[in-house]
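Read the structure below first, then the notes.
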Amino acid sequence: MTKTGARAAMSILIPLTLLACGGAEKKADEPAGMEGTEKGEAGKSADKDAVTLSARQIADAGIEVGRPTIGGIAGAIELPALVQGDPQGVQVVSATIGGRLVALNRNLGQSVGRGETLAVIESREAASLNAEIEAARARSALAQSNLRREQRLFAERVSPEQDLVAARTAATEADIAVRLAQQQLSATGGSGGALNRVAIRSPIAGQVIARPATLGQTVAADSELYRVANLSRVTIAASLSPADAGRVRPGTRVEVTSAGRRQAGRVTFVSPVLDESTKLVQVLATLDNVGGTWRVGEPVTVSILLPSTNDRSIAVPSTAVQSVENKTVVFVRTPTGFKAVPVSVGRRNGDQVVITAGLNGSERIATTNSFTLKAELGKSGEMDMD
């Protein structure tokens, strides 16, 4: 072959070789790109059963977290009971000083916040207390002025040290007198906007359930003006025989029913002594009452569900169980929110559902408003429970 022919053959082979190499590189790159896509989709699929929520969002949604109940029900004690206000949730608001009521800012049934002014009392004693504060401040200002003068004279070696010590002591005593006068006024409720007035404030947030006071009335110190109740929680009071009380412990589940309403709660107190008149044992249970379902003084029926000592079955509230993608799930708390865990359910005991598979009893689960998590989960697309 001539040199000219060889050069022509090489000029054809070189582009073909380069083209083949480029195609091989492109082909080699394609699986890597596809693999990354598959990994991304796999990661996305793995998160389809999770709901990301902060602690604040969980609280705002009204989602309560608790643990499953371990152990079945051996029986129930059914007896009449009475709805009472939470002892810590009812406060009497009294006049802290004698005088005339010039303002009553809330009526029956109205809400009030903690620290809000309920009433204003016009009083001579309030005027005296305010005047004492002003006088104490004036004496304190004079004492501070004398102290500065004695410090200057002592620095110029004109006044002896004992005069400086006396001035410093007088200034300290004057400051104490000011603080004492302010504390005495503060004990009455503080100023209501004038030298002869004090404001009476609510010690808790709640609802006005009584208002025996009348505008313009002259009241004595400690006279009841309002009664404020926070009824977001109520107490169910019942009495048991000593034999039955021996089978009940704090934490035992109860079911309260009345006029088509039913709600679960927990025993919070079993009295260690018998009532002197009835010779029965007082038992108290607590119910959530944010929705105002129960009224104080209402008669109800309570069933105390006695746990079985031999049964180790796992049960959750019926409000914790949801159906998603034709699967029954319970939302388990995670560091970032909740995860929908598939479960198998068995019999129902009142408001409790027995879980036969899927939970071991140590999890923390969403016990209320789990439907909110189900709705949130639906926004992120279909779940992969397989």
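Between residue 368 and residue 108, what is the FRET efficiency for a Förster distance of 25 Å, r being their Cβ-Cβ separation, to the nearest 0.05?
Here the calculated transfer efficiency is 0.20.
What are the residues whose amide H is under 5 Å from the amide H of residue 48, where those residues sit 5 or more places off or on another chain and H is modelled from the backbone?
384
Sticking with the crude label model, points 7 Å out along Cα→Cβ, report the distance from residue 379 to residue 148 in nm, one decimal please.
That separation, rounded to one decimal, is 6.2 nm.
Which residues' amide hydrogens lie under 5 Å from the amide hydrogen of residue 368, considering only partners 5 or more residues apart or on another chain, with H built in the peptide plane?
Here the answer is 64, since their amide H atoms fall under 5 Å of that of residue 368.
If you stretched the chain out fully between residue 293 and residue 223, how much longer would it get, using 0.36 nm times the residue separation minus the C-alpha to C-alpha distance?
22.0 nm
To one decimal place, what orientation-averaged projected area in nm² is obtained for the convex hull of the Cα set of the range 128-187?
Its average projected convex-hull area is 3.7 nm².
I need the phi-derived Karplus couplings for the range 368-373: 6.51 cos²θ - 1.76 cosθ + 1.60, θ = phi - 60°, integer Hz, Gly and Pro marked x.
9, 6, 5, 5, 5, 5
Give the long-range amide H neighbours of residue 252: residues separated by 5 or more places, or on another chain, with amide H under 5 Å away, using H modelled in the peptide plane at 1.01 Å from N.
267
How charged is the neighbourhood of residue 255? Take every other residue with its Cβ under 15 Å from the Cβ of residue 255, and add Lys/Arg as +1 and Asp/Glu as -1.
That works out to +2.
How big is the range 200-335 along each principal axis, measuring the range of its Cα positions in Å and listing the largest first?
Computed over the Cα atoms, the extents are 67, 47, 35 Å.
Remind me, what semi-axes does the range 57-177 give for its equivalent ellipsoid, largest first in whole Å, using sqrt of 5 times each Cα gyration tensor eigenvalue?
Here the semi-axes work out to 60, 27, 15 Å.
Residue by residue through the range 94-110, which ³J(HN,Hα) values in whole Hz follow from phi under the Karplus form 6.51 cos²θ - 1.76 cosθ + 1.60 (θ = phi - 60°), with glycine and proline marked x?
Rounded to whole hertz, the list is 10, 6, 8, 7, x, x, 10, 6, 9, 7, 10, 8, 9, 10, 4, x, 7.
I need the calculated FRET efficiency for the pair residue 318 and residue 237, taking r as the beta carbon distance and R₀ as 45 Å, to the nearest 0.05.
Efficiency, from the Cβ-Cβ distance: 0.95.
By how many nm would the segment from residue 159 to residue 137 lengthen if fully extended, with 0.36 nm per residue of separation less the alpha-carbon distance?
Full extension from residue 159 to residue 137 adds 5.3 nm.
Any read-out appearing in this document is the output of simple, stated calculations on the displayed coordinates, not a laboratory observation. Treat the numbers as computed from the prediction; the structure is a model and nothing was measured. Using ideal geometry, Cβ is built from the backbone for each residue, glycine included, and neighbour counts are taken over all protein chains shown.
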